[in-house]
Amino acid sequence: MRSVHIAIIGAGFSGLGMAIRLKQASIDDFVLVERADDIGGTWRDNSYPGCAVDVQSHLYSYSFAPNPDWSQVYAPNTEIWDYIKRVSAEHDVNRHVLLNTELRGGTWDDAAARWRLSTSNGDIAARFVVSAMGPLSNPSIPDIPGLDRFTGTVFHSARWDHDHDLTGERVGVIGTGSSAAQFVPEIQPRVGRLTLFQRTPHWTFPRMNRRITGLERAAYRRSPALQRLVRARQYYYRELIGTLLQRPRIVEAVARLRLRTQVRDRELRAKLTPDYRIGCKRVIVTDDFHPALTRPNVDVVAEKITEVTPDGVLTSDGVEYELDTLILGTGFEVMPVADPLRGRDGDTLTERWRDGRSAYLGTTVAEFPNYFMLVGPNTATGHTSVLLYAEPQIEYVTQAIQHAARHDVAAVEVRQEAQDVYNADVRARLRDTVWLTGGCDSWYLDEPSGSSVLWPGHTGRFQRALARFDHENYVLRRAQDDVAEP
Ligand code: NAP
């Protein structure tokens, strides 16, 4: 059995960020367990045509590793993946990564104050586990009758089949979320016919992407302060949007006007007009999605899908759409956190969370000593960069691990009452948000707790809450003694 101080699960943006921060803190005894054959997480998995970030790249990057060379305001996936790999190599974390290694299970050994992990490549004992599995890493395959009987080609947007040529084909797309909104305009010109199956229309925001000029890039290289200024402007712009989305009438009027200019056909526009408040579902940042749907080779079908037949898709009005290829833009299973792990009482997190997901500061869970989550419950964001939430968590976890080392602490476990008080406050602040009151269903919502996905409030509030490891809210157990509170 391999023994390490820290095991990080997942080598995506947040897991690698954690590894880099540990290096900076001169902590070298850790591994990153990664099930795939390369690092990069979502930016390795999502390679569909048109895949790009929908938060400005200067903001969607590590604060400690600004990239003056982003080619566009919204960088494409390949550039982001290259960035992640370059920064990881520069900080010498790659030698810690165990590729093709899937976490299969794990239990907390209370006597030894260690996690015993089993992976597809052998067992690992770790004092601390940091779960960085990504809230949207596992594709969601819809439960539509007959999907397995379709005789054409089927793939999910996050597992794009690049060997399959769509040219001239009859292509069906299920889903109208952020992913579909990016690949539909890319494939529309080359397919024969595109049928978009829409369950719910989405509101959109302007993207206004543009090339970042050589002059700008040279200026950023020469003056990091200038780039920090641009990042700060983008940060506050996004916070303003986040605030406006909670009082959506004005933003909604503008979005409605925009739809009117982009889609002149009344019937199509009616289909594409949401009947819920803007911001309730994640707003799609796009300039070309709706225009693409006005092209003569595109049909938008708003009838409910009843089944997939061997030849295509059948809708509730009895129409069968014959297809060569069906692309599932159907999103992801939300937050597939370390289900294989069993805490002190033997339960998995899923079992503990029967009444709703909850964690302290989205990071720690009672009965799960020495276990930290990055982008855990109520740490996601619909309006800005997720890294603005992951980085404070990374810092918090680093401080916790350093605190344990300084005070000879073997086990760190959040107090249940601290977790409960914190979550009661989060739930109370969620109550009046547009996500719960805006009249839609979305992956933000999970009954019965309302939403355990999003952070309600300004990003700064979350960052301040995690600025210091608050050991007083934890039970700290010394190596030999029982409970100690340094
Ligand atoms: P999504 O937003 O969850 O959208 C999934 C789509 O599939 C929705 O339109 C949904 O309809 C539809 N759908 C799901 N199951 C269905 C079924 N059984 N029958 C018919 N329709 C069904 O997924 P996504 O577009 O992949 O985006 C997920 C998240 O990933 C985004 O919200 C965003 O956070 C992130 N993302 C980011 C970027 C970026 O930064 N560039 C790009 C893509 C994605 P309903 O709306 O009715 O549920």
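Numbers for the structure displayed
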read-out	value
For the range 127-218: rounded, prolate or oblate by the Cα gyration tensor [a/c cutoff 1.5]	oblate
Between helix 77-90 and the chain: long-axis angle, C-alpha atoms, 0 to 90°, nearest 10	20
Acute angle (nearest 10 degrees) that the helix 224-244 long axis makes with the longest principal axis of the chain, alpha-carbon atoms	70
Test item: Cα-centred dipole of the chain, Lys/Arg +1 and Asp/Glu -1 on Cβ, debye	2020
Cα-based Kirkwood hydrodynamic radius, the range 147-328, one decimal, Å	18.5
The range 257-315: trypsin sites (Lys or Arg not before Pro) in DSSP loop, at most 12 other beta carbons within 10 Å	Arg264, Lys304
For Glu333, distant residues with modelled amide H under 5 Å away	Asn138, Ser140
Residues of the range 364-457: accessible area per residue with a 1.4 Å probe, Å²	31
Karplus-derived HN-Hα couplings along the range 462-467 (A = 6.51, B = -1.76, C = 1.60, θ = phi - 60°), whole Hz, x at Gly and Pro	5, 4, 5, 5, 9, 5
Dipole magnitude of the range 147-328, debye to nearest 20 (Cβ charges: Lys/Arg +1, Asp/Glu -1, about Cα centre)	1720
The chain, accessible surface, carbon-and-sulfur percent (1.4 angstrom probe)	49
Cα centre as origin, Lys/Arg/Asp/Glu Cβ charges: the range 284-366 dipole, Debye	700
Å² of accessible area per residue within the range 147-328, as computed with a 1.4 Å probe and no ligands counted	51
Interchain or long-range residues, amide H under 5 Å from Thr195's placed H	Val171, Gly172, Val173, Asp299
Sequence-separation-based contact order of the chain, relative, with Cα cut under 8 Å and 6+ spacing, percent	19
Counted charge near Leu323, where neighbours are those whose Cβ lies closer than 14 Å (Asp, Glu -1; Lys, Arg +1)	-4
The chain - Rg and Dmax from Cα coordinates, angstrom	23.3, 74
Sequence-separation-based contact order of the range 147-328, relative, with Cα cut under 8 Å and 6+ spacing, percent	41
Karplus 3J(HN,Hα) series, Hz, for the range 372-385 with 6.51 cos²θ - 1.76 cosθ + 1.60 (x for Gly, Pro)	10, 10, 9, 6, x, x, 6, 10, 7, 9, x, 10, 9, 6
Per residue accessible area of the range 51-113, 1.4 Å probe, in Å²	39
Table column - 3J(HN,Hα) (Hz), the range 157-171, Karplus curve with 6.51, -1.76, 1.60, x for Gly and Pro	4, 7, 9, 4, 8, 6, 7, 8, 8, 8, 4, x, 7, 8, 10
Full-stretch length increase - Ala270, Ser223 - with 0.36 nm per residue and alpha-carbon distance subtracted	12.1 nm
Relative contact order (percent, whole number), the range 98-240, Cα cutoff 8 Å, 6+ residue spacing	12
For His156, distant residues with modelled amide H under 5 Å away	Leu328
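The values are calculated or read from the model by the stated rules, or taken from the named source; none is laboratory data. Remember, it's a predicted structure, so these values are computed and weren't measured experimentally. Glycine gets a Cβ as well: all are built from the backbone with ideal geometry, and neighbour counts include every protein chain shown. Side chains are part of the model used for accessible areas, which takes the heavy atoms of the whole protein and leaves out ligands, DNA and RNA. Shrake-Rupley method; radii C 1.70, N 1.55, O 1.52, S 1.80 Å.
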